[in-house]
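Worksheet: the structure to be examined is printed underneath.
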Amino acid sequence: MSKTADYIKEYDKYVLGTYTRNPIVIERGEGSWVWDAEGKKYLDFFPGWGVSSLGHCHPAVVKAVKEQVGRILHMPNNFYNEWQGRLARKIVEKAFSGKVFFGNSGAEANEGALKLARRFGEPEGRFEIITMNASFHGRSLATITATGQEKYHSGFGPLIPGFKYVPFNDLSGLKNAITDKTTAIMLELVQGEGGVNVARPDYVQAIREICDEKRILMIVDEVQTGMGRTGEYFVFQTYGIEPDVMTLAKALGGGLPIGAFVVKDEFAGYLPPGTHASTFGGSPIVCAASLAVFQVMEEGKILDNVGEMGDYLLEELLRLKAEFPIIKEVRGIGLMLGIELDREGKPIVDSCLDKGLMVNCTAGNILRVMPACNINRDEIKHAIMILRGVLRENGD
Ligand SMILES: Cc1ncc(COP(=O)(O)O)c(C=O)c1O
């Protein structure tokens, strides 16, 4: 039996089958490349669903983790550690003035933001939270409820009361949904799982105004868009607004599990001691890794690279669109790009994988490419060569 078959057999016997998996066992990664158990090499254009945004095993992140591992692995949050304050300061300096809570995942970051919104509205009896159709906010019970997609709700009812869904980019729909019970509006500015749908600037600015006027919390989920993916540290910065609460995860830890939300100072008092906690949140190792991510982003001029490589990749994808009528649209910001097809994307993703390129398909027909933020021109050329070959084979 091959090594791969061996691993899969054990896995299938003992691991809960909640994921649809490719029959490939990845053993190691370096930069934008990964190797499977049979020695096959892949160019990863969807590294860790946005987690491995500096590529796999970035040496600075690995070094920071190794140094910290020998000092202390874990200390509970009823003591201070030397890292959390430093990391929170870094996040706030890059985002907006406020306070940070640390958890371990995107769902946990959003869960905390939702709890904050409830506490914020509670004195005036406000509890309703408005989210968008086609959004995605996580897999905990509150975050599937916040997620505006039926398929994630199915079989888990009754869901948490007080959530309303409105069409994305539709201001009048949103205005109609607001009542005197509304406490928060939560959205992604580029919907990732929903199909790389980009919010219009006038829409986002109008939401900001409504939230100010009606004292509603504006929560922006930057779990996927955060940490340079769109060419700024956070995508809200391209819209000329500041949210009241921002949630982060994925790329923040450079490959280690972290989630965080940042809340503006004026709302920080709504979660006083005892109202929220996470045993592993802000662990020394994860914080050390995250600080290394910030250092690499600054010293490696990563945002400049996202701008330059994002333009180059978009240009190449638009060239493919001109060649292949099965591509209906190419959209996105920076290195978060979606290719809308006139058909199911899975066969294309599978053929790419077969030829050594990892991309993703979401919402049925949207190919999603989110290469590492330190990707280079040669790697993009290689990906485009494979994609062109696959589109040629799968086109009409
Ligand atoms: C926008 C957004 N929010 C939240 C999440 C949930 O993050 P996690 O899987 O870390 O809980 C995701 C995951 O894909 C996401 O894309």
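The values are calculated or read from the model by the stated rules, or taken from the named source; none is laboratory data. Source: prediction; values computed, not measured. Positions of Cβ are backbone-derived with ideal geometry, glycine not excepted, and every protein chain shown enters the neighbour counts.
Against the criterion of being in a helix (DSSP H, G or I) and assigned by TED's automatic domain parsing to the domain that holds E193, F267 qualifies.
Yes or no, residue by residue, for (1) within 30 Å of P76 (Cα to Cα); (2) small (G, A, S):
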| position | (1), (2) |
| --- | --- |
| H276 | yes, no |
| G281 | yes, yes |
| P284 | yes, no |
| L335 | no, no |
| G345 | no, yes |
| V349 | no, no |
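When the residues of the stretch 1-24 are filtered to those that are more than 23 Å from E379 (Cβ to Cβ) and hydrophobic (A, V, I, L, M, F, W, C), the one that is surrounded by the most Cβ atoms within 10 Å (Cβ to Cβ) is I8. In the stretch 116-135, the residues that are assigned by TED's automatic domain parsing to the domain that holds V263 form Cβ pairs under 8 Å with partners that are aliphatic (A, V, I, L, M) and in a loop (DSSP other than H, G, I, E, B), at six or more places apart or across chains, as follows: L116/L271; R119/L271; I130/I178; A134/A363. Checking the stated criteria, G282 turns out not to satisfy the condition of being more than 30 Å from A60 (Cβ to Cβ), buried (at least 16 other Cβ atoms within 10 Å of the Cβ) and in contact with a strand residue (DSSP E or B) (Cβ under 6 Å, 6 or more places away or on another chain).
Screening the stretch 22-59 for residues that are among the acidic types (D, E) and touching a residue at least 24 places away in the same chain (Cβ under 8 Å) and picking the one that is nearest to L353 (Cα to Cα) gives D44. Only residues that are touching a strand residue (DSSP E or B) at 6+ places or on another chain (Cβ under 6 Å), of a type outside the set (S, T, Y) and at negative phi were counted in the stretch 351-373, giving 13. Just one of the listed residues (G173, G162, G157) is small (G, A, S), more than 16 Å from the ligand (Cβ to nearest atom), touching a residue at least 24 places away in the same chain (Cβ under 8 Å) and more than 16 Å from I241 (Cβ to Cβ), namely G162.
With the requirement that a residue be among the acidic types (D, E) and within 22 Å of I207 (Cβ to Cβ), what does the stretch 123-150 give you?
Once the filter is applied, which keeps residues that are among the acidic types (D, E) and within 22 Å of I207 (Cβ to Cβ), the stretch 123-150 yields E124, E128.
Looking only at residues of the stretch 220-253 that are part of a strand (DSSP E or B) and away from the ligand (no atom under 11 Å from the Cβ), we find that the one that is farthest from G121 (Cα to Cα) is M246. The number of residues in the stretch 317-354 being surrounded by 17 or more Cβ atoms within 10 Å (Cβ to Cβ) and among the acidic types (D, E) comes to 1. Does A146 meet the test of being within 13 Å of the ligand (Cβ to nearest atom), hydrophobic (A, V, I, L, M, F, W, C) and outside the structural domain of I375 (by TED's automatic domain parsing)? Yes. From the list Q237, Q224, the one residue that fits, being under 14 Å from V190 (Cβ atoms) and surrounded by fewer than 24 Cβ atoms within 10 Å (Cβ to Cβ), is Q237.
Checked against (1) assigned to a strand (DSSP E or B); (2) under 22 Å from the mean Cα position of the chain (by Cα), K328 passes all but condition (2).
Contact map, the stretch 320-349: residues that are on the phi < 0 side of the Ramachandran plot paired with residues that are in a helix (DSSP H, G or I) and among the small types (G, A, S), Cβ distance under 6 Å, separation 6+ or inter-chain. Pairs shown: L335/G310. Of the residues making up the stretch 170-198, those that are closer than 24 Å to E266 by Cβ, under 24 Å from the mean Cα position of the chain (by Cα) and part of a loop (DSSP other than H, G, I, E, B) are E188, L189. Within the stretch 243-260, is even one residue closer than 30 Å to G310 by Cα, among the acidic types (D, E), at pLDDT 95 or above and assigned by TED's automatic domain parsing to the domain that holds E188? There is at least one residue in the stretch 243-260 that is closer than 30 Å to G310 by Cα, among the acidic types (D, E), at pLDDT 95 or above and assigned by TED's automatic domain parsing to the domain that holds E188.
Let's see how each residue does on (1) under 16 Å from L217 (Cβ atoms); (2) more than 15 Å from the ligand (Cβ to nearest atom); (3) of a type in the set (V, I, T):
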position: W83; (1), (2), (3): no, yes, no
position: A88; (1), (2), (3): no, yes, no
position: I91; (1), (2), (3): no, yes, yes
position: N104; (1), (2), (3): no, no, no
position: N110; (1), (2), (3): yes, no, no
position: R119; (1), (2), (3): yes, yes, no
position: E122; (1), (2), (3): yes, yes, no
position: I130; (1), (2), (3): yes, yes, yes
position: N133; (1), (2), (3): no, no, no
